[in-house]
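Written out below as structure tokens is the structure these notes cover.
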Amino acid sequence: MTPRSEIFEVLAKVCADPMGYARAWKTRTGRRVIGSFPMNFPSEMAHAAGALPLIIQEAEDPITAGHGLLFPFYCGFTRSAVDQAAKGDLAVLDAIMFGDHCVQLLGAADAVRVALPDTRVIFFQLISSMCDPWTLGRSKESFEKLRFELEDFIGEPVRDDAMRASIALFNRGRQAMRELYRMRVEGRVALTAREMQYVVKSSMVMDRAEHLELVEALVASASENLPQPEKRAVRLHLSGHFCQAPKPELLDMIEGCGAIVVGDDLYHGYRYISTDVGEEGNPMDSLARWYLDRNTGVPCPTRVQNDVDWDAFLLDAMRKESAEGMIVLMAKFCEPHMYYYPEVKEAFEKAGMPHLLIETEHESMALEHMRTRVESFLELIKRRRGVARANTPEGEVA
Amino acid sequence: MKKHVMGIDFGSTTAKAVIVDMRGRIIAWSVSHMGAVSDAAVHEAVADVLTQASLKQEDMGRCVSTGYGRRMLDIADKNFTEITCHARGAVAMVPEARLVIDIGGQDSKTIAVDANGLVAQFAMNDRCAAGTGKFLEVLARAMEIELEEMGDIAMKAQEELKISSMCATFAETEVISLRAEGHSKENVLGAVHQSIATRTLGLVNRVGKKGPAVMTGGVARNKAAVHYIEKVLGIPLILPETPQIAGALGAALIGLDDYKAELAESGQTIEEDYEVDAQMAFDKACVTGCKGDPAEAEKNAPAVTGKLKSMMSNLQKHF
Ligand code: SF4
């Protein structure tokens, strides 16, 4: 069995250089690489078409060439995606597909089109109102249109049985990753937040069969020599960050302050793996259903869901994880998050659940300053353990 | 049993050390000024506070550090952030305080606290030096005056001017152009302090004006900063006698909690009240609470037991 350290070495390498992985895969297989923007593209479809589906990641590099195409008040992810396009880093992608989920993403897609005039950029409109009687029908229409465009691009039909096989493979991948999550909550596996991110983020890039093998090996090796978590460590839930992965140094810092991350709803975390696609029946129906189900599984503020609240979901998830506090990671200029955050804040204050808001930026991170805030937050939680709760509501400690 | 605990605040511009006894009373305190990377000041403050108290480092039951350099001190058993320590120290100094405004060398923070000195909510200046002691330092340099003089000069401002930039570097440019336009030092400095006050108001609103406000940190000794902050807040600020040692005191008190918990866990009786009283009575040949009239003091003295009782009954009254 591959040792755990070697598995993480592979996953970390993919996360650090997704396009490098894609170039090597393309050379190795001679097949297409289809890029997509987060968060709603059904990668199963591109996989069924024989391509490597790759979700475009925010890069580490400072934005330079991209400044000429997108204003600095766009979120870090969109600016980085455009910057990578402008620098030629996305050249390995044969096509880019995306469904709209916010205004900034739409702007970024236009800028990518300008930067990559020879790359096919396929746009698909997704219904954002999730509770209407016509939502399911409309989402199916969008996915069918997407399939049509994809078939047009590859010049052949994407067969239903290939779709079903891809769906099954992706489901197995999600299930294996969810098993790791479960084991972490139950204390059966010691995984840092950085390692968990490596697992999920790499699955957005790698050949899925190859990735599944590594994750299943991780699950199998999990219970060996489990170090006991520090008794006084604060159990934390991480929330937010939709399109980009939080910087690993930030995750290290949070855990280094004396916390263990026991759950999250990050896109580069549980949000991405929360929901499986039905394996029976018409795959297009199943994908349309999946689009709806994943938003009730882990609600997203980019969608309008009247019957499930994100804040109620978070409080419930934290109860199940026995989390004592939540850190909200908000990417600067992420409008959907900014709009929804006040509701989360209010609900958490009402529930007496401590939470800390950290705004993150692509360019800079005042890590020492953040550390003081995180440590204070953890001290607040630790010192309140056992102290009869005063009437003063705890809450946002921005 | 060791009978003292030390708190050290290793800040960006000053180092503070406090020793408290088992009742949490300040026995000695010291403040030393330092360079950005020097830890000489912290050793100086520690040495000074030990000398004042006629104690040695080994006499400390606990030593807790706070401040930017909190992790750099080998003598500290534990460290806590400035936010946790200022909250605890400020409420110890001013028990009715429910809002702590702390403006230190490199950061400013507002903390909503409960009656136990526990943090309910907090907000900090993010990223830059806006609204901190550093901001004042940069502008003092730009105006070629001593930092300590700034407050007094600003209090003489006659005219309201505006500095809109929060960034110390941009504010420096504004200050220079205001001076070039012929505005007096007093008026420009008034505007500098007004700018700190506006920034502080923003931080206060993030945690809420939840009750009496106490100001701690070095900038609390700057009259103009206090004046302008009170003006924007519309409430008076309570100023402890020694606002700059609130963090170190808080660290010491948190250390004391920890030390007492450890003693209790190991089954040791904490007889601090009796012991301290006995020592006081013995030292002064007097009774608890005596203010020159032991007969009167004895009537109101708390019930005494054991060792203390026998000791007191043998004492020679002093008149
Ligand atoms: S959802 Fe937020 S992070 Fe994602 S593209 Fe839109 S603004 Fe950027």
Exercise. Quick one: is B:Gly89 in a loop (DSSP other than H, G, I, E, B) and open to solvent by less than 10 Å² (accessible area, probe 1.4 Å)?
Worked result: no
Exercise. When residues of the stretch A:314-354 are filtered for being outside any helix (DSSP H, G or I) and either more than 16 Å from the ligand (Cβ to nearest atom) or open to solvent by less than 10 Å² (accessible area, probe 1.4 Å) (or both), how many remain?
Worked result: 12
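Which of the residues belonging to the stretch B:67-80 are of a type in the set (Gly, Ala, Ser) and within 11 Å of another protein chain (Cβ to nearest Cβ)? Break it down stepwise before answering.
Just the residues of the stretch B:67-80 that are of a type in the set (Gly, Ala, Ser), to begin with: B:67, B:69, B:76.
Result: B:Gly67, single match.
Only one of A:Glu44, A:Glu6 is away from the ligand (no atom under 16 Å from the Cβ) and open to solvent by 60 Å² or more (accessible area, probe 1.4 Å); which? Working first, answer last.
Numbers: A:Glu44 fails: open to solvent by 60 Å² or more (accessible area, probe 1.4 Å).
Every option except A:Glu6 fails the conditions.
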Exercise. Here are A:Arg373, A:Arg319: which of them is away from chain B (no Cβ under 13 Å) and either within 22 Å of A:Gly258 (Cα to Cα) or at pLDDT below 90 (or both)?
Worked result: A:Arg319
Problem set entry | Residue in the stretch A:245-260 that is under 18 Å from the mean Cα position of the chain (by Cα), open to solvent by 30 Å² or more (accessible area, probe 1.4 Å) and over 30 Å from A:Arg373 (Cα atoms) present | no
Problem set entry | Residues located in the stretch A:289-313, provided they are open to solvent by 30 Å² or more (accessible area, probe 1.4 Å) and not acidic (Asp, Glu) | A:Arg289, A:Thr296, A:Gly297, A:Val304, A:Asn306, A:Val308, A:Ala312, A:Phe313
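If a residue counts only when it is farther than 24 Å from A:Lys332 by Cβ and more than 16 Å from the ligand (Cβ to nearest atom), which helices (runs of 4 or more DSSP H) contained entirely in the stretch A:236-303 have at least 2 such residues? It would help to see each step written out before you state the result.
On the way: elements: A:248-256, A:270-273, A:283-297.
The helices (runs of 4 or more DSSP H) meeting that bar are A:283-297.
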Problem set entry | Where a residue in the stretch A:334-361 is farther than 21 Å from A:Pro72 by Cβ and its partner, wherever it lies, is among the aromatic types (Phe, Trp, Tyr) and within 16 Å of the ligand (Cβ to nearest atom), with Cβ under 7 Å and at least six apart | A:Tyr340/A:Trp310; A:Val344/A:Trp310
For this session: Determine whether the stretch A:191-207 contains at least one residue that is within 16 Å of the ligand (Cβ to nearest atom), in a loop (DSSP other than H, G, I, E, B) and either within 14 Å of another protein chain (Cβ to nearest Cβ) or not acidic (Asp, Glu) (or both).
Result: yes
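Yes or no, residue by residue, for (1) within 18 Å of the chain's Cα centre (by Cα); (2) over 28 Å from A:Gly258 (Cα atoms):
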| position | (1), (2) |
| --- | --- |
| B:Arg25 | yes, yes |
| B:Val31 | yes, yes |
| B:Asp48 | yes, yes |
| B:Leu73 | no, no |
| B:Asn79 | yes, no |
| B:Glu82 | yes, no |
| B:Ala87 | yes, no |
For this session: Among the residues of the stretch A:355-367, count how many are within 16 Å of the ligand (Cβ to nearest atom) and either surrounded by 14 or more Cβ atoms within 10 Å (Cβ to Cβ) or part of a helix (DSSP H, G or I) (or both).
Result: 6
For this session: Identify, from the list A:Phe333, A:Phe348, the residue that is on the phi > 0 side of the Ramachandran plot and either in contact with a Gly (Cβ under 6 Å, 6 or more places away or on another chain) or among the aromatic types (Phe, Trp, Tyr) (or both).
Result: A:Phe333
Exercise. Does A:Met370 qualify as being touching a residue at least 24 places away in the same chain (Cβ under 8 Å), under 22 Å from B:Ile83 (Cβ atoms) and not in a helix (DSSP H, G or I)?
Worked result: no
Exercise. Looking at the stretch A:209-228, is at least one residue surrounded by 15 or more Cβ atoms within 10 Å (Cβ to Cβ), modelled with pLDDT under 95, hydroxyl-bearing (Ser, Thr, Tyr) and outside any loop (DSSP other than H, G, I, E, B)?
Worked result: yes
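Have a look at A:Val112, A:Val121, A:Val103 and point out the one that is within 16 Å of the ligand (Cβ to nearest atom) and more than 21 Å from A:Leu54 (Cβ to Cβ). Outline the logic, then answer.
Numbers: A:Val112 fails: more than 21 Å from A:Leu54 (Cβ to Cβ); A:Val121 fails: more than 21 Å from A:Leu54 (Cβ to Cβ).
Exactly one of A:Val112, A:Val121, A:Val103 is within 16 Å of the ligand (Cβ to nearest atom) and more than 21 Å from A:Leu54 (Cβ to Cβ), namely A:Val103.
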Exercise. Restricting attention to the stretch A:159-183, and to residues there that are open to solvent by less than 20 Å² (accessible area, probe 1.4 Å) and modelled with pLDDT under 95, which single residue is farthest from A:Val234 (Cα to Cα)?
Worked result: A:Leu180
Exercise. Hey, among B:Ile163, B:Ile83, B:Ile101, B:Ile153, which residue is open to solvent by less than 10 Å² (accessible area, probe 1.4 Å) and away from chain A (no Cβ under 14 Å)?
Worked result: B:Ile101
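Which of the residues belonging to the stretch A:120-133 are open to solvent by less than 30 Å² (accessible area, probe 1.4 Å) and assigned to a loop (DSSP other than H, G, I, E, B)?
A:Leu126, A:Ile127, A:Met130
Report, by residue number, each residue of the stretch A:139-158 that is in a helix (DSSP H, G or I) and open to solvent by less than 70 Å² (accessible area, probe 1.4 Å). Lay out the reasoning, then the answer.
Within the stretch A:139-158, the first condition is being in a helix (DSSP H, G or I), and the residues that meet it are A:139-154.
Residues satisfying the conditions are A:Ser139, A:Lys140, A:Ser142, A:Phe143, A:Leu146, A:Arg147, A:Glu149, A:Leu150, A:Glu151, A:Phe153, A:Ile154.
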For this session: Could you grab me the full set of residues in the stretch B:229-254 that are over 26 Å from B:Asp21 (Cα atoms) and touching a residue at least 40 places away in the same chain (Cβ under 8 Å)?
Result: B:Ile229, B:Leu237
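A:Val200 - would you say it is over 21 Å from A:Glu279 (Cβ atoms), surrounded by 22 or more Cβ atoms within 10 Å (Cβ to Cβ) and among the β-branched types (Val, Ile, Thr)? Explain how you work it out, then say what you get.
Values: over 21 Å from A:Glu279 (Cβ atoms): yes; surrounded by 22 or more Cβ atoms within 10 Å (Cβ to Cβ): yes; among the β-branched types (Val, Ile, Thr): yes.
Yes: the conditions hold for A:Val200.
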Seminar exercise, completed: Given (1) within 16 Å of the ligand (Cβ to nearest atom); (2) surrounded by fewer than 20 Cβ atoms within 10 Å (Cβ to Cβ), A:Leu136 misses just (1)
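Take A:Leu70 and decide whether it is of a type in the set (A, V, I, L, M), over 16 Å from A:Glu58 (Cβ atoms) and within 13 Å of the ligand (Cβ to nearest atom). Talk me through it step by step, then tell me what you get.
Values: of a type in the set (A, V, I, L, M): yes; over 16 Å from A:Glu58 (Cβ atoms): no; within 13 Å of the ligand (Cβ to nearest atom): yes.
The answer is no for A:Leu70.
The values are calculated or read from the model by the stated rules, or taken from the named source; none is laboratory data. It should be emphasised that the depicted structure is a prediction, and the values quoted were computed from it without experimental measurement. Heads up, the Cβs are rebuilt from the backbone with ideal geometry, glycines too, and the neighbour counts pull from every protein chain shown. When the accessible area is computed, the model is the full protein with side chains, heavy atoms only, and any ligands, DNA or RNA have been set aside. Shrake-Rupley method; radii C 1.70, N 1.55, O 1.52, S 1.80 Å.
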